[in-house]
Amino acid sequence: MKKALVVYFSASGVTARAAKEVAAAVGADLYEIRPEQPYTAADLDWRNKQSRSSLEMTDPDSRPAMAGPMPDLGEYDTVFVGFPIWWGVEPRVVDTFLDRNGFEGKTMIPFATSGGSGLSGTPDTIAALEPGAEVRE
């Protein structure tokens, strides 16, 4: 491995803890995907069909804005991508990150925190968003 990066989005801190453990285990750099507008508890209420997260997740084209500068992916050959599972896939803010970066020739390894669904269909979703990358589970 040339150099690895662990990229993660965490709404509650659970995925952040997992990402830090992965980064420490593989000696990777760490980058947090932060939405420009942080999520509130009301935004994350999946039982409310009008909550921000519900509206984002029912629109596959939704791309919430990100805060902060993007990492330079040129120095990395392996990128771990961590996130909570929302509605069976990665949150749309992760898709924003994926859309804004090129992963051609890189190995991508998704990992997720979930109440019980595991990775679900996210490796396939990420592979479709990043056809030039090798996506591994």
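The values are calculated or read from the model by the stated rules, or taken from the named source; none is laboratory data. All values reported here derive from a predicted model rather than from experimental measurement. Virtual Cβ from ideal backbone geometry, glycine too; neighbours counted across all protein chains shown. Note: areas computed on protein heavy atoms with side chains; ligands, DNA, RNA excluded. Shrake-Rupley method; radii C 1.70, N 1.55, O 1.52, S 1.80 Å.
Is it true that some residue in the stretch 60-75 is of a type in the set (D, E) and touching a Ser or Thr at 6+ places or on another chain (Cβ under 9 Å)?
Looking only at the stretch 60-75, we keep the residues that are of a type in the set (D, E), and these are 61, 72, 75.
From the residues that got through so far, the ones that are touching a Ser or Thr at 6+ places or on another chain (Cβ under 9 Å) too are none.
No, because not a single residue in the stretch 60-75 is of a type in the set (D, E) and touching a Ser or Thr at 6+ places or on another chain (Cβ under 9 Å).
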*For the stretch 1-24, name all the residues that are under 18 Å from A67 (Cα atoms), hydrophobic (A, V, I, L, M, F, W, C), open to solvent by less than 20 Å² (accessible area, probe 1.4 Å) and in contact (Cβ under 8 Å) with a residue 24 or more places away in the chain.*
V6, V7, F9
*If you scan the stretch 22-56, which residues turn out to be of a type in the set (A, V, I, L, M, F, W, C) and closer than 20 Å to G115 by Cβ?*
V22, A41, A42, L44, W46
*What number of residues within the stretch 25-72 satisfy the criterion of being assigned to a loop (DSSP other than H, G, I, E, B), open to solvent by less than 40 Å² (accessible area, probe 1.4 Å) and free of Cβ contacts under 8 Å to residues at least 24 places away in the same chain?*
2
*Which of the residues belonging to the stretch 8-54 are in contact with a strand residue (DSSP E or B) (Cβ under 7 Å, 6 or more places away or on another chain) and hydrophobic (A, V, I, L, M, F, W, C)?*
F9, A11, V14, A16, A18, A19, V22, A23, V26, A28, L30, I33
*Which numbered condition trips up I85, out of (1) open to solvent by 50 Å² or more (accessible area, probe 1.4 Å); (2) free of Cβ contacts under 8 Å to residues at least 60 places away in the same chain; (3) not small (G, A, S)?*
(1)
*Candidate set: the stretch 88-117, residues that are over 19 Å from M70 (Cβ atoms), hydroxyl-bearing (S, T, Y) and within 14 Å of the chain's Cα centre (by Cα); chosen: the one least open to solvent (accessible area, probe 1.4 Å)*: T113
*asked:* Condition first: at pLDDT below 95 and closer than 17 Å to E130 by Cα. Can you find one or more residues in the stretch 37-60 that meet it?
replied: yes
